[in-house]
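To start, I am sharing the structure in question, which I have written as structure tokens.
The values are calculated or read from the model by the stated rules, or taken from the named source; none is laboratory data. The shown structure was predicted, so the numbers you read here are calculated from the model rather than taken from an experiment. Here the Cβ positions follow ideal geometry from the backbone for every residue, glycine too, while neighbour counts run over all protein chains shown. Note: areas computed on protein heavy atoms with side chains; ligands, DNA, RNA excluded. Shrake-Rupley method; radii C 1.70, N 1.55, O 1.52, S 1.80 Å.
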Amino acid sequence: MKILSIDEQIAGMAARWPDWKVTREDDRTAVWIGHLRPAKTTYRLRMFYRVPRLLERTTVKRVQPRVYVEQPQLQRKPGNPEGVLPHVYWVNGDPSQGEPCLCLFDPDHEWSICDQLAETIVPWTSTWLYWYEAWLVTNVWFGPARHEENFEDVGSKGLETETV
């Protein structure tokens, strides 16, 4: 298996999702802005991805692309048994610090640095948004997912602060 470069990720996204606009940050980092409409609502999304260096000490959660919903703002439901906003990560695990990052980790379909973002993360984001819309109506998260508390990440809880 081959680790895909940022150029290969950019080309793959351009081929499959040509309406998504990309900004290349450096030789291994890019940010895409695009729209998805999985059900009733159209969402404006921001996807951040940095190809890890081979010598970096890292975990699956730390190397995964990060997807944020820019518009409309995700609704929070205090007191909901699934959580104020289920299946998201917060900066340093704190919902009061910044915007939520979608939890796209699924133990049955684990993402790797050898996968095309266009073929995995974008479709998984659409599925996440579909289940989110169902949660808004029913207060139950019906989609498959692994909760953060079941996800081992040595040395940190939640996402580290990072400029995105």
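How long, wide and thick is the range 62-127, going by the Cα atoms along their three principal axes, in whole angstroms, largest first?
Principal extents (largest minus smallest coordinate, Cα): 37, 23, 20 Å.
While we're on this one: Sort the following peptides by mean Cβ neighbour count (other Cβ atoms within 10 Å, averaged over residues), highest first: 64-73, 15-24.
Most protected by this proxy first, the peptides run 64-73, 15-24.
Ok, one more. Sorted by accessible area (1.4 Å probe), largest first, how do CYS103, CYS114 line up? Write out the running numbers ahead of the final one.
Values: CYS103 10, CYS114 35 Å².
Per-residue accessible area, sorted high to low, gives CYS114, CYS103.
In a shell of Cβ-Cβ distance under 12 Å around VAL22, excluding VAL22 itself, what net charge do Lys and Arg (+1) and Asp and Glu (-1) give?
So the surrounding residues net to 0.
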